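As structure tokens, the structure follows; a few thoughts come after it.
The values are calculated or read from the model by the stated rules, or taken from the named source; none is laboratory data. Computed from a prediction, not measured in an experiment: that's the story for all the values here. For neighbour counting, all protein chains shown are included, and Cβ atoms are generated from backbone atoms with ideal geometry for every residue, glycine included.
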Amino acid sequence: MEHAKILDRILQFLAGMPGWRGEVEADTPILENGQLDSLGIVSLMGYIEESLGVEIPESEFQFERFATPRSIADLVRDSADGSVAV
Amino acid sequence: MSQIEVAFPERIPARLGPELTRRVLYLDEDIDDFALIEDGDEITGLRLVGPITRTARPESLIETLMQEAQGLRSVEPKRVWSSRRPSGPGSGIRADDVIRELIDAGDARVHGPGTISLRGAHADLLTVLDDMFAALSMDVAGAEHHRFPTLLGTSVLERGGYLESFPNLLLTVNRLRNTSADFERFRDHRRSGGSLNELESATIPVEYCLPPTMCYYIYDSHVGTRSDELRVLTAVGSSFRFEHRYESPLRRLWDFTIRETVWIGERDDVRRGLERYRGLVTALCDELGLAGLCESAHDPFFLADNGAAKAAAQQMIGSKTELRLFLDDDETVAAASFNQHGQHLAAQYDIGLSDGAPASTACVGIGLERFTLAFLAQHGTDPRRWPSIVARAVAAQADRPGRVAVREWVSST
């Protein structure tokens with residue numbers, strides 16, 4: 001799977017979230033700066049599961065893993081059992 | 001009394017015990033008591049006591065419980081404050097003794113499930129503690145003061161998604177249908193010794209609920225508004241949440257008092273406002289000599305869509321933190337919660353910034369009965385032993401300007 005494509009899909013999803021404020025780039029600290037809130041995380045998890053076909057294990061629910069779009073893309077790649085639907 | 005043991009399909013870390021405990025009594029009204037079965041640092045099952053063992057399949061309840069516990073397993077709470085006063089063995093903190101003392105002396109009275117009253121200096125103590133939080137809200141954070149009614153329109157709670165997220169806590173208000181035939185039927189029913197609970201057909205759909213917290217009035221007051229300016233508002237009032245387990249008076253009440261402060265505005269302004277207020281509250285706890293801690297937490301979602309994921313996400317990012325004060329050597333009670341909602345609630349209530357995007361919101365709720373209980377558990381029931389800042393304020397309650405003015409007026413007439 002291509003990490004760059006996963007990252008691209010995540011960036012697109014985040015920028016399209018209702019009420020999303022500000023620029024988002026691969027290394028934007030979206031948790032620390034409050035751009036991604038808890039309901040946003042739940043929406044993002046739903047998107048990753050439904051559109052990319054990847055389920056994130058509970059053990060990966062760690063701040064660092066959701067810190068930036070790039071770390072989320074890493075998480076999706078690491079959690080994928082086989083291919084990612086990008 | 002019947003009792004049954006049910007093994008969990010998988011072992012749960014013992015640190016999630018409080019989470020499971022919080023949920024078990026909402027599984028079925030007929031659970032009178034329960035115990036978690038522990039094996040080392042894991043929970044392996046549940047011992048249920050009560051008629052539940054005859055009326056339902058405990059296995060199906062366990063399945064529900066397991067779903068609720070999912071998602072929380074790997075998320076450790078993050079601590080943001082620890083009190084200067086230490087806790088632990090030898091702390092001398094004893095909430096149970098204090099409650100017994102208050103009740104024996106007539107200074108507290110349990111009126112029924114989840115309701116309690118305080119009198120004299122102990123009632124004044126709650127007022128004084130609220131005055132202190134009101135001062136932080138109004139005089140330091142610049143909040144506008146509001147006084148709200150008790151009845152809250154059901155539609156207001158519906159709009160915020162409360163009915164789906166916390167159905168287990170909801171308390172509703174009912175009344176008879178306004179027709180002479182229904183009133184007559186009600187009168188005849190009562191005369192024949194009938195119960196109110198048998199009169200469903202004579203009542204109308206629920207228009208009002210009892211408020212679970214004050215902040216819903218605030219969001220409702222701002223529907224359709226647009227502003228970039230930071231808005232800070234505060235109110236104190238009676239709040240209501242159903243709690244099955246009521247045998248610990250003051251810990252869990254159906255009817256309690258919240259001092260709530262809400263921030264509405266740009267994300268960074270709201271977050272700074274909330275964090276500053278949290279710092280003030282925890283510093284005040286140190287000033288009052290209270291032992292406690294403040295750490296990340298999550299809302300008690302129960303059977304809500306994605307409830308476990310929402311709870312885990314809240315805990316992970318620290319959007320909710322709780323001030324927990326010690327009631328004895330190890331037990332704590334959540335006396336305040338600090339909540340960042342992002343744009344979620346503002347989107348639901350159409351509260352916007354000037355460009356039309358949803359504002360950010362945050363709120364702090366301080367449970368005054370719980371705070372009072374923790375204060376008494378830690379300082380005792382004798383006002384002479386309370387920190388002087390509190391003791392002086394309690395003693396001065398009789399000299400509040402309104403009372404002095406009325407006393408002077410009465411004595412002059």
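Among the residues that make up segment A:17-26, is at least one of them under 15 Å from A:S71 (Cβ atoms) and surrounded by fewer than 17 Cβ atoms within 10 Å (Cβ to Cβ)? Yes, some residue in segment A:17-26 is under 15 Å from A:S71 (Cβ atoms) and surrounded by fewer than 17 Cβ atoms within 10 Å (Cβ to Cβ). In segment B:288-299, is there at least one residue being modelled with pLDDT under 80 and either assigned by TED's automatic domain parsing to the domain that holds B:F326 or not small (G, A, S) (or both)? Checking segment B:288-299: at least one residue is modelled with pLDDT under 80 and either assigned by TED's automatic domain parsing to the domain that holds B:F326 or not small (G, A, S) (or both).
Residues in segment B:32-63 that are at pLDDT 80 or above and β-branched (V, I, T): B:I37, B:I43, B:T44, B:V49.
How many residues are outside any strand (DSSP E or B) and at pLDDT below 95 if we restrict to segment B:104-119?
Total meeting the criteria: 2.
Checking the structure you have, find out if any residue of segment B:316-337 is at the interface with another protein chain (Cβ under 9 Å from one of its Cβ atoms), outside any strand (DSSP E or B) and surrounded by fewer than 21 Cβ atoms within 10 Å (Cβ to Cβ). Checking segment B:316-337: at least one residue is at the interface with another protein chain (Cβ under 9 Å from one of its Cβ atoms), outside any strand (DSSP E or B) and surrounded by fewer than 21 Cβ atoms within 10 Å (Cβ to Cβ). Could you say which residue among B:T372, B:T361 is closer than 22 Å to B:A134 by Cβ and either within 14 Å of another protein chain (Cβ to nearest Cβ) or at pLDDT below 95 (or both)? Going through B:T372, B:T361 in turn, just one is closer than 22 Å to B:A134 by Cβ and either within 14 Å of another protein chain (Cβ to nearest Cβ) or at pLDDT below 95 (or both): B:T361.
Which condition breaks for A:L44 when tested against (1) away from every other protein chain (no Cβ under 13 Å); (2) under 10 Å from the mean Cα position of the chain (by Cα); (3) not β-branched (V, I, T)? So A:L44 meets the others, but not (1).
Residues that are among the hydroxyl-bearing types (S, T, Y), assigned to a helix (DSSP H, G or I) and surrounded by 13 or more Cβ atoms within 10 Å (Cβ to Cβ): does segment B:175-185 have at least one? No, every residue in segment B:175-185 fails to be among the hydroxyl-bearing types (S, T, Y), assigned to a helix (DSSP H, G or I) and surrounded by 13 or more Cβ atoms within 10 Å (Cβ to Cβ).
For segment B:339-359, the criterion of being outside the structural domain of B:T64 (by TED's automatic domain parsing), assigned to a strand (DSSP E or B) and more than 26 Å from B:T257 (Cα to Cα) is met by at least one residue.
Taking B:L163, is it without any contact (Cβ under 8 Å) to a residue 12 or more places away in the chain, in contact with a helix residue (DSSP H, G or I) (Cβ under 8 Å, 6 or more places away or on another chain) and more than 18 Å from B:N339 (Cβ to Cβ)? Spelling it out, B:L163 is indeed without any contact (Cβ under 8 Å) to a residue 12 or more places away in the chain, in contact with a helix residue (DSSP H, G or I) (Cβ under 8 Å, 6 or more places away or on another chain) and more than 18 Å from B:N339 (Cβ to Cβ).
Remark: pairs (first residue in segment B:266-285, of a type in the set (F, W, Y); second residue in a helix (DSSP H, G or I); Cβ separation under 7 Å; 6+ apart in sequence or on different chains) = B:Y277/B:L136.
Exactly one residue among B:F133, B:F148 is of a type outside the set (G, A, S), part of a helix (DSSP H, G or I) and in contact with a strand residue (DSSP E or B) (Cβ under 7 Å, 6 or more places away or on another chain), and that residue is B:F133. Condition check for B:E369 on (1) farther than 30 Å from A:T68 by Cα; (2) among the acidic types (D, E); (3) in a loop (DSSP other than H, G, I, E, B): one failure, at (3). The single residue among A:E25, A:E58 that is away from chain B (no Cβ under 13 Å) and among the acidic types (D, E) turns out to be A:E25.
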